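Notes to accompany the following structure.
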Amino acid sequence: MPRNPDPKHGRWILPLIILAMVVLTIVFVTSLEPAEQEAGTTTTLPPPSTTTTTTLPTDVAAFLVTLDVYESQVTAFQTDVTAINEDWEAGGVFQEALDSFDEVQAAISSWEDGVAGASEVPAELAEAHVDLVLEVEKLAPAVEDIIAGLEAPDDGTLRREAVTAFHNQVDVILTAIDAVRAEAETTATTIGEGETSTTGPGEEPTTSLATSATSTTLPEG
């Protein structure tokens, strides 16, 4: 019977097992990503949104409605003059054209009186209103020039030039109306959320607005 060269052949099993465990532990640990220690991030939030309200004085707001009416009226007059002139150019009847221009001129003259005598014009808009009246007063004479051109014994040049001048004056009036509107906007009072408006005896309204910002630390997860 052959002799066993290593009577304690099991003595190598335990060291091999231990070595395998060590190798597996090293592999496992190195495969893990090191935990990152993240510092908290400070985020500054913007101030809360503020809602603002723009308010016009009551009399100014009411006069703005009147200005809208003026604009509609002068635009209607322009439309009428254009239609009458186009009908005449297309071979219309002289007396019909003349009567129509006379009617428009009378309507404009009445309208001019209403604009000039407007009541309850806000004091803040008085100067701009006077400028508007001065331009409005030129519109009826412009129609009179159209009538003179219609009656002139020429080829219609005088009438056409007068019609062009009429349209130009309408544009001037519309610009004057816009100027009154712009002046009205300067009387507006704007009040925001968190804002207070106070008025002392004989003083103009004063306002103060308090704002705040919030700083919050948010951890990144």
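Bear in mind that the values in this text are calculations on the coordinates, not laboratory data. Every value quoted in this text rests on a predicted model; they were computed, and no experiment measured them. Please note: Cβ atoms are built from the backbone with ideal geometry, for glycine as well, and neighbour counts cover all protein chains shown.
Taken over the stretch 72-115, the convex hull of the Cα atoms encloses 44 Å³ per residue.
Net charge of the neighbourhood of residue 147, taken over other residues with C-beta under 9 Å away and scored Lys/Arg +1, Asp/Glu -1, is -3.
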